[in-house]
Every structure is written in C-alpha cells, then in structure tokens.
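Enquirer: Mind having a look at this structure? Questions to follow.
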Amino acid sequence: MNSAKTFTGSAAESWPYLDQAEKCPRVLYVDDNDFVRDGFCSAFSVKGWNCESASSGNDALIKLSSGPESIDFLITDHQMAEMNGLELVRRVRSTDFKGKILVYSTMLRDEDRTLYEELEVDVIIPKTGNVNRIFEAIEKLQQQPTP
C-alpha cells in the first residue's frame, strides 16, 4: 500500500508554514564576545530565525564571501579586537552584499555614528542586552520594500 500523497496546489497552499519559513530572517551576528554572541544567536533560534555567528570581522567577511545572498541581516558590534565594526561595514559595502546592516554597540562616539551613517547602515541600536530591540528593528526593516 502506497501512503504517498500527491499535492495538486502550490506547496504554500498545502504547507502554509513554508511561506513563513521563507520570510524568516537569515542573520549573521558578529561580536568578539562569545557569551553575547552565543546568547543572541540562541534567542534568534528560539524565535525561529536563522542565525550564524562570527567572532571577528575577518570571520564575517569569509562567511559573506561564500554566499552573501544567504544573509539578510548583518549585525555587528563596534568594539572588536581584530577589526572594529566600522572597518567591517566599510569592507562589506565594497562587496555585493544586498542585505541590511545593523550596528549594535555601546559607547559610540559621535564621529563613529556619523561614519556609520555615511556608510548607510540601516540601523544603529544601543547595546543594552535586550534582544527585543533587535527583533523590532529587523521586523521593521523586513516591511520596507527592497530596492
């Protein structure tokens, strides 16, 4: 006896969660603090979002070079040892990355904020440890039309 089913409608009609899965943000979270990075990626996963992490700007660039279209949102800290967030954003802007960029950091100087704005980051969020601020920013950005 064959128990396979044949679906005549679209996959989204038969399995509505597929459409939802396509809308789940794919995040690359960059922070040199293991505790912060792992905690935020866990929170993204609990929400059902896809999260990769990178412990440095160089690691993030390697991940992006292997498939920039696989990441919707790059979230970076500013203060990192090897390469700060500003240099990471500069380098990412020189690639074909089409996703949104969020800076999540404490103690940004006015000059740094201005430089990030010149690089057209999508959102700068003060680092408070509250992942809901990032969730809200991403959900708002998802509602904006893509160029």
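Enquirer: Cα atoms only: what Rg and Dmax, in Å, come out for the stretch 53-147?
Expert: 12.7, 35
Enquirer: Just to be sure I understand the model, the point goes 7 Å from the Cα along the line to the Cβ. What's the resulting Gln143 to Val46 distance in nm?
Expert: According to this spin-label approximation, the distance is 2.4 nm.
Enquirer: Mind listing the phi-derived Karplus ³J(HN,Hα) values for the stretch 29-34, rounded to whole Hz, using 6.51, -1.76 and 1.60 with θ = phi - 60°, and x for any glycine or proline?
Expert: In residue order, the calculated couplings are 9, 10, 7, 7, 8, 4 Hz.
Enquirer: Considering only Cα-Cα distances, which of the following residue pairs are longer than 19 Å: Lys47/Lys140; Lys63/Lys100; Lys63/Lys127?
Expert: Among Lys47/Lys140; Lys63/Lys100; Lys63/Lys127, the Cα-Cα distance tops 19 Å for Lys63/Lys127.
Enquirer: Further, regarding this structure: Return the long-range amide H neighbours of Ile124 (sequence gap of 5 or more, or a different chain), with a cut-off of under 5 Å between placed amide H atoms.
Expert: For Ile124, whose amide H was placed from the backbone, the distant partners under 5 Å are Val103.
Enquirer: On to the next question. Please check which bits of the stretch 106-130 a label hung off Glu136 would reach, taking the label as a point 7 Å along Cα-to-C-beta and the cut-off as backbone N under 16 Å.
Expert: Backbone N within reach: 123-130.
Enquirer: Okay, next question. Tally Lys/Arg at +1 and Asp/Glu at -1 over every other residue whose Cβ is under 14 Å from the Cβ of Arg93; what's the total? Spell out each step's value before the answer.
Expert: On the way: positive: Arg90, Arg91, Lys98, Lys100; negative: Glu87, Asp96, Glu117, Glu118, Glu120, Asp122.
Result for the neighbourhood of Arg93: -2.
Enquirer: Further question: Report the extension gain between Lys98 and Asp110 in nm, rounded to one decimal, defined as 0.36 nm multiplied by the number of residues separating them, less their alpha carbon distance.
Expert: Net length gain for the segment: 1.7 nm.
Enquirer: Between beta-carbons, use under 15 Å as the cut-off and find the net charge around Gly67, counting Lys and Arg +1, Asp and Glu -1. It would help to have the intermediate numbers written out before the result.
Expert: Values: positive: Arg26, Lys63, Lys98; negative: Glu52, Asp59, Glu69, Asp72, Asp96.
That sum, taken over residues with Cβ under 15 Å, equals -2.
Read the figures in this text as sums done on the coordinates, not as results from a lab. Model, not experiment: these values are computed from the prediction. With ideal geometry, Cβ positions are generated from the backbone for all residues, glycine too; neighbour counts draw on all protein chains shown.
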